[in-house]
Amino acid sequence: MKMYASVEITKGWDIWNKMAEEMNPEMESAGMKFIFKGCETDEKKIHLIIEVESMEKAKEFSIRPDIVSRRVEAGAIVESTIMIPLKD
């Protein structure tokens, strides 16, 4: 299944994207893979399409303390995260 996600960021695209790229192995272990990553032109909000095995696994992954910490350090405003399952 696919999921749309968005989150507000404070440190710009490059810092957030570097963190996301470094997280790829952990995401794959959780059954997740980025299909699309992009940001708005002002670099204050990112938009993602992610392939996920299940929304439950994606939600579990997104609240892991180590993942939340890395996201916050990269400028993500985690409470602004939106996750929407998409029908194929």
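The listed residues are ASP88, ASP66, and the only one of them that is in a helix (DSSP H, G or I) and either of a type outside the set (Lys, Arg) or surrounded by 11 or more Cβ atoms within 10 Å (Cβ to Cβ) (or both) turns out to be ASP66. Residues of the stretch 4-38 that are over 17 Å from SER54 (Cα atoms), assigned to a strand (DSSP E or B), without any contact (Cβ under 8 Å) to a residue 60 or more places away in the chain and touching a helix residue (DSSP H, G or I) at 6+ places or on another chain (Cβ under 9 Å): LYS37, GLY38.
Counting residues in the stretch 35-54 that are in contact with a Cys (Cβ under 6 Å, 6 or more places away or on another chain) and either aliphatic (A, V, I, L, M) or surrounded by fewer than 16 Cβ atoms within 10 Å (Cβ to Cβ) (or both) gives one or more. Scan the stretch 76-85 for residues that are under 20 Å from THR10 (Cα atoms) and either open to solvent by 30 Å² or more (accessible area, probe 1.4 Å) or in contact with a Gly (Cβ under 7 Å, 6 or more places away or on another chain) (or both) and the total you get is 6.
The values are calculated or read from the model by the stated rules, or taken from the named source; none is laboratory data. Worth saying up front: this structure is predicted, and the values here are computed from it rather than measured. Backbone-built Cβ (ideal geometry, glycine too); neighbour counts: all protein chains shown. Only protein heavy atoms, including side chains, enter the accessible area calculation; ligands, DNA and RNA are left aside. Shrake-Rupley method; radii C 1.70, N 1.55, O 1.52, S 1.80 Å.
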